[in-house]
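Visitor: Before we start, here is the structure in question, set down as structure tokens.
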Amino acid sequence: MAAFFVLFALIYGIMALMAIGMIVINCIGAWKMFVKAGEEGWKCLIPFYNIVVWGKILKREDIAKTRLIVTVIGVAIISVSLGILALMTLSGVDENSVILFIGWYIPYITGLLALILGKVFLYLMRCYIFEAYNVPKLFILMFMFLPGIAYFVIGIKKEYSYQYAVQTFDQPSEMN
């Protein structure tokens, strides 16, 4: 029995180290991509602010803000719905009454749909990364399955340079 727990701890320890490694690779890649676009690299580390900065980098602020709003609303709806269902269950309401009271499941389903829509906007933003960094279209497969490694490759390789003009304070802005 003790050997099982040792094997269990070993497997999950290795998985945890791999997850931490992927997070570090993702952060390094996003940091380098932000620097290529003329933004400070630390902005990629702040959870909701980085979505707004991605929108600015990709010249798609509207899509980034929509993704941010949809995701936050989806998480809020799911959290409230699960909280209400948990309170109903803990307060002594039997399972049949909870299941019959289907109105509480509608916000849960709506929240899930909002999170799915947030993922759609995420993939849309990743497609705009191809345009901004001149990445081959076949790279979408790597973005779908290993986005952290894709960020790392785009951030490190010099051939994937930022295509939009990086405006510094020395250059005057063009007003149309």
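Visitor: With the checklist (1) assigned to a helix (DSSP H, G or I); (2) of a type outside the set (Val, Ile, Thr); (3) crowded, with 17+ Cβ neighbours inside 10 Å in hand, flag the one item Glu39 doesn't pass.
Guide: Evaluating Glu39 over (1) assigned to a helix (DSSP H, G or I); (2) of a type outside the set (Val, Ile, Thr); (3) crowded, with 17+ Cβ neighbours inside 10 Å leaves (1) as the failure.
Visitor: Ok, one more. With (1) over 29 Å from Val153 (Cα atoms); (2) modelled with pLDDT under 90; (3) not β-branched (Val, Ile, Thr) as the list, and Leu10 as the residue in question, which single condition is left unmet?
Guide: Result: Leu10 fails condition (2) only.
Visitor: Just to be sure, is Val53 surrounded by 15 or more Cβ atoms within 10 Å (Cβ to Cβ) and outside any loop (DSSP other than H, G, I, E, B)?
Guide: yes
Visitor: So which of Glu159, Glu174 is out of contact with any helix residue (DSSP H, G or I) (no Cβ under 9 Å at 6 or more places or on another chain), more than 30 Å from Leu82 (Cβ to Cβ) and at pLDDT 85 or above? Spell out how you get there, then give the answer.
Guide: Details: Glu174 fails: at pLDDT 85 or above.
Step by step, each of Glu159, Glu174 is checked, and only Glu159 is out of contact with any helix residue (DSSP H, G or I) (no Cβ under 9 Å at 6 or more places or on another chain), more than 30 Å from Leu82 (Cβ to Cβ) and at pLDDT 85 or above.
Visitor: Okay, next question. Name, by its number, the condition in (1) at pLDDT below 85; (2) under 30 Å from Lys157 (Cβ atoms); (3) not in a helix (DSSP H, G or I) that does not hold for Gly92.
Guide: Condition (2) is where Gly92 drops out.
Visitor: Would you mention how many residues in region 117-167 are in contact with a Ser or Thr (Cβ under 9 Å, 6 or more places away or on another chain), among the aliphatic types (A, V, I, L, M) and under 13 Å from Trp54 (Cβ atoms)? Step through it out loud before you land on a result.
Guide: Within region 117-167, the first condition is being in contact with a Ser or Thr (Cβ under 9 Å, 6 or more places away or on another chain), and the residues that meet it are 117-119, 121-122, 133-134, 167.
Filter once more, so that each one left must be among the aliphatic types (A, V, I, L, M): 117, 122.
Still in the list and also under 13 Å from Trp54 (Cβ atoms): 122.
So the count comes out to 1.
Visitor: Do we have any residue at all in region 106-118 that's hydroxyl-bearing (Ser, Thr, Tyr), modelled with pLDDT of 85 or more and surrounded by 15 or more Cβ atoms within 10 Å (Cβ to Cβ)? It would help to see each step written out before you state the result.
Guide: If we filter region 106-118 for residues that are hydroxyl-bearing (Ser, Thr, Tyr), which is where we start, we get 108, 110.
Now restrict to residues that are modelled with pLDDT of 85 or more: none.
There is no residue in region 106-118 that is hydroxyl-bearing (Ser, Thr, Tyr), modelled with pLDDT of 85 or more and surrounded by 15 or more Cβ atoms within 10 Å (Cβ to Cβ).
Visitor: While we're on this one: I'm trying to understand the selection: among the residues of region 60-79, which are farther than 15 Å from Phe121 by Cβ and surrounded by 14 or more Cβ atoms within 10 Å (Cβ to Cβ)?
Guide: Restricting attention to region 60-79, the residues satisfying the condition of being farther than 15 Å from Phe121 by Cβ are 76-79.
Residues satisfying the conditions are Ile77, Ile78.
The values are calculated or read from the model by the stated rules, or taken from the named source; none is laboratory data. Just so we're clear, the structure is a prediction, and the values are computed from it rather than from any experiment. Positions of Cβ are backbone-derived with ideal geometry, glycine not excepted, and every protein chain shown enters the neighbour counts.
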